[in-house]
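Reading through the structure tokens given below for one structure.
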Amino acid sequence: MKNEIRFGIVLVSALIVSVITASAAPKTPADMTQALEAIRKKHDLPALAVVVVKDGRICDRAAVGVRKSGDPTPATTNDVFHIGSCTKSMTATLTAILIEEGKLRWETTIADVFPELKGKMDRQYETVTVAQLLTHLGGVPGTAPAAAWERALEQKGTPARQRREFIEAVLSQPPEAAPGTEMIYSNQGYAIVGAMLEKITDTPWETLVTARVFAPLHMASAGFGPPGTPNAVDAPWGHSRTSFGTIPLREDNPPAIAPAGRVHSSLDDLARFTMFHMQPNSGCALLKSESLAKLHAPPAGSNYACGWIVVKRHWDGGKALMHNGSNTMWYIVMWLAPEKNFSVVVATNIAGAGAQQGCDEVASAMIQKWLEK
């Protein structure tokens, strides 16, 4: 049975495989801004931003709209957006770095790292590997146990402490499916990976990913939680559509699942992250090519690799990598064509079908402009 992601899965962080369709390609910066603004208005999005990478450099960028509905402050190309589940590829990258250093292996199991949980965790989880967790084949449920989630929302203790309590509660319950048999998209699985890395290194995941991924890639804007300063309009606010209209919000997932979806970043810094994943042309030797290949290779019968969905598109020159994310208040999508040394990142500060469609239309226009000339 194939375990391919073909449709939207709305949990705490959305995962929707975009279908790129043809649209008119803007030819000049002014055309691009006009095209972006037309798409933003069409889908009633507060802001809409894009950055494009070709041949190892940023070649296109634009932003339109406002940071906060009801406030005139315009969005800019330097703005920071919440990236939701695009965080997963960063956790997977961090894991690969530590594997290269010999701190664990792809085959390291949950019981290897947490022997003290034997007898407390469901026995089926004891042999689940890091690789299975990163590819959503560990049987970990798509929805967290209610009591564990309620406790996580209280956000008591350090993020690492919150994560440890959370994953212990998840592991104490039976898997949703027998490990290795079914692809179940799970934020909880990535929280377990984060906790494993914390245990092995005695370092919080937030500190690890900042020092080992963000800093070497010069992702200075990357951080955690809602972007910007509380009660200020110095970054795009998230938004939610309600019966009362579009409401600006600055909320997020609890730190317990941060390794699955709690990072924020500028689009330029995400562009640097995509450049790294399109080695050898990135100029960064953070990982060996073999490790990058592992991150980009889904297990047999699945199209989900380690934090990346792998698909075939007529424009990709071989294969395309993509992921998207939303904490239900922002939405972002990344498309990479490594063989073409091309990537496009599109973001908006609202979620839902309109956000997905609008971002897809922008990505389509950029693909047409840079790959289908």
Check your understanding: Could the peptides 332-340, 139-147, 100-108 be put in order, highest first, of the mean number of other beta-carbon atoms found within 10 Å of their residues?
Key -> 332-340, 139-147, 100-108
Study note, to complete from the structure: Across ALA131, ALA355, ALA178, the residue with the highest GNM fluctuation in the chain (Cα network, 10 Å cutoff) is ALA178
**Study point:** Theoretical gain in end-to-end length, ALA211 to THR73 [0.36 nm per residue, Cα-Cα removed]
**Key:** 46.4 nm
Check your understanding: Which whole-angstrom value gives the distance between the alpha carbon centres of region 75-144 and region 341-373?
Key -> 28 Å
Review point. Per residue of the chain, what 222 nm ellipticity follows from adding -39500 (n - 2.57) for every DSSP H run with n ≥ 4, rounded to the nearest 500?
Key: -9500 deg cm²/dmol
Practice item. Report the full-extension gain for the segment ALA297 to GLN34: residue separation times 0.36 nm, less the Cα-Cα distance, to one decimal in nm. Key: 90.9 nm
Review point. Label points 7 Å out from Cα along the Cβ direction at LYS120 and GLU168: separation in nm?
Key: 0.4 nm
Study note, to complete from the structure: Quick calc, the chain, dipole around Cα centre from Cβ unit charges on Lys, Arg (+) and Asp, Glu (-), nearest 20 debye, gives 440 debye
Exercise for review: Give me the number: length gained by fully extending ILE58 to GLU100, i.e. 0.36 nm times residue separation minus the C-alpha to C-alpha distance, one decimal in nm.
Suggested key: 12.2 nm
Practice item. State log₁₀ I(q)/I(0) for region 184-317 at q = 0.10, 0.13 Å⁻¹ as given by the Debye formula over alpha-carbon point scatterers of equal weight, solvent excluded. Key: -0.44, -0.73
Point to revise | Loop-located trypsin sites (Lys or Arg not before Pro) in region 113-153, at most 10 other Cβ atoms within 10 Å (DSSP) | key: LYS120
Review point. Can you give the accessible area per residue of the chain, in Å², using a 1.4 Å probe?
Key: 38 Å²
Review point. Which percent of the accessible area of region 103-257 is formed by carbon and sulfur heavy atoms (probe 1.4 angstrom)?
Key: 53 percent
Revision key, fill the gap. In Å, the Kirkwood estimate of hydrodynamic radius for region 246-342 over Cα pairs equals 15.0 Å
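The values are calculated or read from the model by the stated rules, or taken from the named source; none is laboratory data. None of these values were measured; they are calculated from a predicted model. With ideal geometry, Cβ positions are generated from the backbone for all residues, glycine too; neighbour counts draw on all protein chains shown. Surface areas here come from the heavy atoms of the whole protein model, side chains and all, with no ligands, DNA or RNA. Shrake-Rupley method; radii C 1.70, N 1.55, O 1.52, S 1.80 Å.
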